[in-house]
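The next block holds one structure in the form of structure tokens; read it before the comments.
Nothing in this text is a laboratory measurement; each read-out follows from the coordinates by a stated rule. What you are looking at is a predicted structure, and each value in this text was computed from that prediction instead of being measured. Here the Cβ positions follow ideal geometry from the backbone for every residue, glycine too, while neighbour counts run over all protein chains shown.
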């Protein structure tokens with residue numbers, strides 16, 4: 001099949017680093033994942049850095065109390081084709097500000113969105129933060145957490161906060177390689193922005209972290225690729241509908 005059949009539109013990637021310091025090991029880790037993914041497939045990236053916005057989150061209870069910059073970051077995150085999310089580990093979990101930020105994400109906007117998880121900590125003892133903290137958080141949003149996450153420790157970095165570990169680089173390569181088949185089917189490349197625009201605007205108006213929101217038991221995706229279309233691409237044949 002001609003390669004022209006496949007969309008060449010870049011993936012709309014939003015990356016998030018929960019690292020509060022600058023320089024930051026977590027930022028360096030997330031940036032390395034971005035670089036590896038960018039070498040493999042066309043991407044456009046919006047990078048949300050807590051080293052820049054952490055102080056803006058403050059004590060906001062409603063999303064409309066956040067500065068416009070943070071509201072814009074949340075809207076971009078909700079419209080992404082896929083996410084790369086990294087956090088430092090504090091007290092065996094992500095930071096309170098990291099959770100506070102995601103408390104303002106519209107809870108139906110990330111359904112089926114692929115998320116590559118990453119974290120950095122002082123030692124290997126915190127490696128399960130990916131499974132015990134991050135994966136459940138994005139399961140709440142019914143996002144699609146990708147099969148392999150990336151965890152780094154202090155010894156993987158130089159004093160200048162660049163990555164020096166070949167094993168960590170190999171892990172990043174493996175995580176991206178396993179992610180690619182899923183990312184290539186990321187919902188409606190670049191079209192989610194229009195689909196979720198109303199959700200983001202409504203969230204900016206009335207979403208609060210202590211507000212009860214009713215939802216269906218199973219949330220619908222903003223844009224789910226047609227399985228019939230996938231089948232025809234994979235098997236080079238038309239899907240026929242049986243008529244009784």
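Given the peptides 21-31, 45-55, arrange them by the average over their residues of other C-beta atoms within 10 Å, most packed first.
Peptide ranking by packing, descending: 21-31, 45-55.
Rounded if a/c is under 1.5, else prolate if a/b beats b/c, else oblate: with a ≥ b ≥ c from the C-alpha gyration tensor eigenvalues square-rooted, which is segment 51-158?
Since a/c reaches 1.5 but b/c is at least a/b, the shape of segment 51-158 is classed as oblate.
Take every DSSP beta bridge with both residues inside segment 1-147 and express the antiparallel ones as a percent of the total, to the nearest 5.
Close to 5 percent.
Estimate the FRET efficiency between residue 198 and residue 40 by the formula 1/(1 + (r/R0)^6), using the beta-carbon distance for r and 30 Å for R0, to the nearest 0.05.
It comes to 0.35.
Pairs of alpha-carbon atoms within less than 8 angstrom and 6+ residues apart define the contacts here; what relative contact order does segment 1-118 have, in percent?
That works out to 33 percent.
Quick one: check the C-alpha center-to-center distance for segment 19-95 versus segment 96-111, whole angstrom.
If we compute the Cα centre of each part, the gap is 12 Å.
Would you mind ranking 154, 73 so that the residue whose beta carbon has the fewest other beta carbons within 10 Å leads the list?
154, 73
So for each of 165-177, 92-104 I average, over its residues, the number of other beta carbons within 10 Å; can you give me the resulting order with the highest mean first?
Ranked from most to least packed, the peptides come out as 92-104, 165-177.
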